[in-house]
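Everything below concerns the one structure shown next.
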Amino acid sequence: MIDNEGTVTLMNPAAEEITGVSRRQAQGNFFESIFRGEGFLLEMVKKTSATGMTISDYENLVFKKGLHVTPVSATTSPLLSANGERIGTILVVRDLTNIRELEDAVRQADRLSALGALAAGLAHEIKTLSAA
């Protein structure tokens, strides 16, 4: 969670794991300074903070922690008080690593299936030529 001044007010353990930034580093500091290399996230938070609009469907983001790259999706929503006043922005980041791995496995299975069909067709043609 980020307040209207751009200060990180709350960061959960899952966010720590995904971003590689600890709560101690983040809480009380400006979101912009902590995530200065993450242009898409900065833009999303700025737009939501300025307009109160929810922004989502950004699934082509990555966090780099050393050599490890984590694909993520992000959604920003306005944080409202009980009386409806906008008091900050909520940023939800989801790790897409497992989804990307499953997509890769499906693509690999499709390629193997196509190769199997080709092999079966070739075997049939060879068998037909041998019988003639």
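Structure notes:
- Solvent-accessible heavy-atom area per residue, rounded to whole Å², over the chain at 1.4 Å: 68
- Cα centre as origin, Lys/Arg/Asp/Glu Cβ charges: the chain dipole, Debye: 180
- Backbone phi angles across the range 74-85, fed through the Karplus curve with coefficients 6.51, -1.76 and 1.60 (θ = phi - 60°), yield HN-Hα couplings of 9, 9, 10, 9, x, 9, 10, 7, 4, 8, x, 6 Hz in residue order; Gly and Pro are listed as x.
- Residue with peak Gaussian network fluctuation, the chain [Cα springs, cutoff 10 Å], from L42, L80, L112: L112
- Carbon plus sulfur fraction of accessible area for the chain, probe 1.4 Å, in percent: 57
- Dipole-positive endmost among N4, L115, S77 within the chain (Cβ charges, Cα centre): L115
- On Cα atoms only, tilt of 39-51 relative to the major axis of the chain in degrees: 50
- GNM top mover of E16, E32, E103 - the chain, alpha-carbon springs below 10 Å: E103
- Computed per residue of the chain from DSSP H runs no shorter than four, each worth -39500 (n - 2.57), the mean residue ellipticity at 222 nm is -15000 deg cm²/dmol.
- Counting 0.36 nm for each residue step from R23 to S73 and taking away their Cα separation leaves a gain of 16.0 nm.
- Among I34, I55, I126, the order of accessible area from largest down is I126, I34, I55, computed with a 1.4 Å probe on protein heavy atoms.
- Stokes-Einstein D in µm²/s, Kirkwood radius over Cα pairs - the chain at 4 °C with 1.567 mPa s viscosity: 73
The values are calculated or read from the model by the stated rules, or taken from the named source; none is laboratory data. Quick caveat, the model's predicted, so the values are computed rather than measured. FYI the Cβ positions are ideal-geometry reconstructions off the backbone, even for glycines, and counts take in every protein chain you see. Just so you know, the surface numbers come from the protein's heavy atoms only, side chains and all, with ligands and any DNA or RNA stripped out. Shrake-Rupley method; radii C 1.70, N 1.55, O 1.52, S 1.80 Å.
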